[in-house]
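Structure, as structure tokens:
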Amino acid sequence: MAPVITCIEDLRKMAKRRVPRMFYDYADSGSWTESTYRSNEAAFQKIKFHQRVAVNMENRSLETTMIGEKVHMPVAIAPTGLTGMQHADGEILAARAAEKFGVPFTLSTMSICSIEDVAEHTSRPFWFQLYVMKDKPFVEKLINRAKAARCSALVITLDLQILGQRHKDLKNGLSSPPKPTPRNLMNLATKPYWCWNMLHTKRRYFGNIVGHVTGVDDMSSLSSWTSQQFDPALSWDDVAWIKDKWGGKIILKGIMEPEDARLAVKSGADALIVSNHGGRQLDGALPTIEALPSIVDAVGNDNIEIFLDSGVRSGQDVIRAVAMGARGVFIGRAFLYGLGAMGEAGVTKALEIIYNEADITMAFCGLRNIKDVNRNILVPGTYLVV
Ligand SMILES: Cc1cc2nc3c(=O)[nH]c(=O)nc-3n(C[C@H](O)[C@H](O)[C@H](O)COP(=O)(O)O)c2cc1C
């Protein structure tokens, strides 16, 4: 009998069974002690709702906009590297699921399927996430490729110019595709669903990079190129330079402090994402739901939309974040687990689960429209105030 999937945790368990250890661990881990990774989720749980009864709960809607784009619910797919290793053709499958569901999909610079490939297999414009590399002609080329693919926003990630260490990736010898060591081969032998799909695709390398940089044609030249390329000297001047080259909507990812939020407003960005990279970078950073109030307080009345990611695992979390002042959230692992578990159908399942949970939670709180959700539905003392 097919397993009954009722929550994101069910998808996580299924992904763990189906995805090779190296890639499952890559998704399901944080940096160093993983304290921020764990506290992102735990902090959401502390926030409690006021339950209302005998109020009309008919005709509900989670529909809203994110940077002016109509969305079926205030949830976007976060950019994640190596998504095509959780499941063959992963980025295309996730982008298709997002398009059908009516939520934005963000493609990572470090994706397996290329910008052009995803554009070819979708019809709704997606968002492109840019890592700022030292090789500025390459960055400019990426911007132009995203433009040519009709991407409707550029997400600039500001918190990964240096890498937080993830112990599991080092121990597993993470590589794409996996090296055929005896340990890896033994593990792969237990993952027939993954292997079968992977054997039927040619997309196994970083599609945005291999073949687009002189001298980078295979995996070994690629790893040495990327390890030297993330630019630790990234500054707000680079943001201005990218904004000028791009000329479209900009979302700044990785803002955790009011001072940086004010600089984001000054840069002219359309939105910012309160993000600690899902607990993968600064171990010991605040959970994002606890960092959000001071950012809303600092720039909530300015001309910028505030999004949040890190630790969102349910529709209840979406409602909590919106109630605390986020215009919308991004989900990383929640969609990756769905993808690893069941491909496109798994991403759709993850979105359906989150939608239904958010819809019913909003109704239990006595509201029918996501636009009416605010802090009044939360129990004071269970969330952080500025
Ligand atoms: C496996 C994995 C790969 C990621 N790769 C990227 C990336 O390439 N670019 C980026 O800006 N963020 C990346 N992130 C961070 C996500 O965009 C997002 O901030 C994070 O996943 C949110 O936390 P959550 O997974 O708890 O939802 C990655 C996250 C994961 C889990």
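Bear in mind these aren't lab numbers, they're just calculated from the coordinates by the rules spelled out. If you're wondering where the values come from, they're calculated on a predicted model, not measured in any experiment. Virtual Cβ from ideal backbone geometry, glycine too; neighbours counted across all protein chains shown.
Okay, here's what the table says:
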read-out	value
Positive-end residue, the stretch 216-294 charge dipole about Cα centroid, Cβ charges, pick of Ile289, Asn276, Leu222	Ile289
Two-decimal ratio, the stretch 256-315, of alpha-carbon radius of gyration to 2.2 N^0.38 Å	1.10
Förster radius 51 Å - calculated FRET efficiency between Gln45 and Asn303 (Cβ-Cβ, nearest 0.05)	0.95
GNM top mover of Pro20, Pro177, Pro74 - the chain, alpha-carbon springs below 10 Å	Pro177
The stretch 16-160: relative contact order as a whole-number percent, Cα under 8 Å and 6+ apart	16 percent
Long-range amide H partners of Ser111 with built H, under 5 Å	Leu82, Asn208
Only Lys, Arg (+1) and Asp, Glu (-1) charged, at Cβ; the stretch 8-377 dipole about Cα centre in debye	880 debye
Set of lysines near Lys245 by C-alpha distance (under 17 Å), chain-local residues within fewer than 8 positions excluded	Lys134, Lys136, Lys141, Lys147
Of His277, His50, His167, the one that fluctuates the most in a GNM where the chain has Cα springs shorter than 10 Å	His50
The stretch 189-254: trypsin sites (Lys or Arg not before Pro) in DSSP coil with no more than 11 other Cβ atoms inside 10 Å	Lys202
Spatial separation of Cα centroids for the stretch 96-159 and the stretch 167-200, in angstrom	27 Å
Signed unit charges on C-beta, dipole axis of the chain, positive-most listed residue Ser35, Pro74, Ile5	Ile5
Rg/Rh ratio calculated on Cα atoms of the stretch 83-181 (Kirkwood radius)	1.00
Kirkwood-based shape ratio for the chain, expressed as Rg/Rh from alpha carbons	0.95
